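Below you'll find the structure, written out as structure tokens, and then a few comments.
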Amino acid sequence: MVVTAKRRAATTHGELTAVPDSGRGAAQSLADSLVRVLAFLICSFLMQADARAAVAQDPVRLSVSDVAPAVWGVVETPLEAGSHPGVILLHGSAGWQPMYAAIARALADSGFVTLALDYYAESGGAPIGSDEKLRKWGQWKETVRNAVEYLQALPSVSGGPVGLVGYSRGAFLAVSVASSLPGVKAVVDFFGGGGGGTDSLEHEVRGLPALLILHGEADDVVPVRFARGLRDAVLARGGEVEMQLYPGVGHAFNFPHAPTYSQAAASDSFRRTVAFLRRRLVTEGSGDRRSAGARHTREFGAQLCEVDRHACVSGTVADSLHRSSAASYTVKSGRHSAPRNGAMASRPPGLTAVAPLRAALQALTATGIPPSIDFTRGSLR
């Protein structure tokens, strides 16, 4: 209880008497209640928005009608204005999954204009090791080529360098096509390898850009010998390659719903990916862009909360609000205002967390102005 000294106007002795400041205590209690209610409402809003977010994660046609094969996917752009390096994500043999859109958002938060490409959109997939895969390989490569041209034409990239990040089959595809694309300056290979298409490994690594290999030593889908063989082939050609192997880790170690998922390997590989792409794609004189990207880097697992909404909400409230695709989100109260909108025109606006929820709520409470929620506009005010 806070005690303040107030003078009694009508006392026989004229003494100062300590009386409780009940008004301040009540105000603090009200503020605490508002914070708890607000946290509950925001988490409820996120769960209700989950269905709409799933729609926003579906690939859309991005290229104009005369481009063939067409470019389908989801684009995420950093919150900061200006030109940024580009990144293209290439999915595995199972095809498009919503988590690739979540990874794209994570990389956009780290300073990259990111296109999660659905290179199966027009051709469809093909079984592993099949003749059908080889027949479609050339079309998939051409789709990646068109995607690079599309991404570099965006004002937010402005012809800047592009990195390819491939997963399993997507990694084989990235290695297969990268050396033929002058705009591609870096390749990240998640549990893939080389020589998986129509060209030999030796042909693919000629002129291959800087390469980062991330592979589990216990991978029984694409054995680790593919990673070592690719590394050796690049080095034999005088290329640049970095490799990180994860002991006891299997295939698809950074896919949250895979039985082989490893939180430690997922987080470490994401940090290595961001650091590698920054070294290879962020040009000199763009230090502000690098630091801005660093401010928005998140742990990989946390960025996938909308893929597994229950895991996201069941955690601490402060960690639950990251990014979704339901509506625009603004934290605003008095002088404490930080609007965010990472939306692209091709999809509904993105629900973006300015900071962990606890920090945002503390900032609102500090102003003394209770926040309110406007669900019709999809914003928090």
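The values are calculated or read from the model by the stated rules, or taken from the named source; none is laboratory data. Bear in mind that the values here come from a model prediction, so they are computed numbers and not experimental data. No Cβ is skipped: glycine too gets one built from the backbone with ideal geometry, and neighbour counts run over all protein chains shown.
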Subject >> Inter-residue pairs, beta-carbon under 6 Å, first in contact (Cβ under 8 Å) with a residue 60 or more places away in the chain and part of a helix (DSSP H, G or I) and in the range 164-192, second among the charged types (D, E, K, R) and surrounded by 24 or more Cβ atoms within 10 Å (Cβ to Cβ), 6+ apart >> reply: Ala171/Asp189
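Scan the range 134-155 residue by residue and report those that are basic (Lys, Arg), in contact (Cβ under 8 Å) with a residue 24 or more places away in the chain and surrounded by fewer than 19 Cβ atoms within 10 Å (Cβ to Cβ).
Quick first cut of the range 134-155, residues basic (Lys, Arg) only: 135-136, 141, 145.
Retained after the next criterion (residues that are in contact (Cβ under 8 Å) with a residue 24 or more places away in the chain): 141, 145.
Listed by number, the list holds a single entry, Arg145.
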Original post:
Quick one: how many residues across the range 68-106 are within 19 Å of Leu154 (Cβ to Cβ) and among the aromatic types (Phe, Trp, Tyr)?
Top reply: 2
Original post:
Could you give every pair whose Cβ atoms fall below 7 Å, whose first residue belongs to the range 262-282 and is under 17 Å from Gly183 (Cα atoms), and whose second residue is at pLDDT 95 or above and surrounded by fewer than 18 Cβ atoms within 10 Å (Cβ to Cβ), counting only separations of at least 6 or pairs across chains?
Top reply: Phe276/Glu242
Original post:
What residue, of Gly229, Gly207, is of a type in the set (Gly, Ala, Ser), modelled with pLDDT of 95 or more, under 22 Å from Asn146 (Cβ atoms) and out of contact with any helix residue (DSSP H, G or I) (no Cβ under 6 Å at 6 or more places or on another chain)?
Top reply: Gly207
Subject >> Tally of residues being at pLDDT 95 or above and over 15 Å from Val144 (Cα atoms) across the range 60-78 >> reply: 4
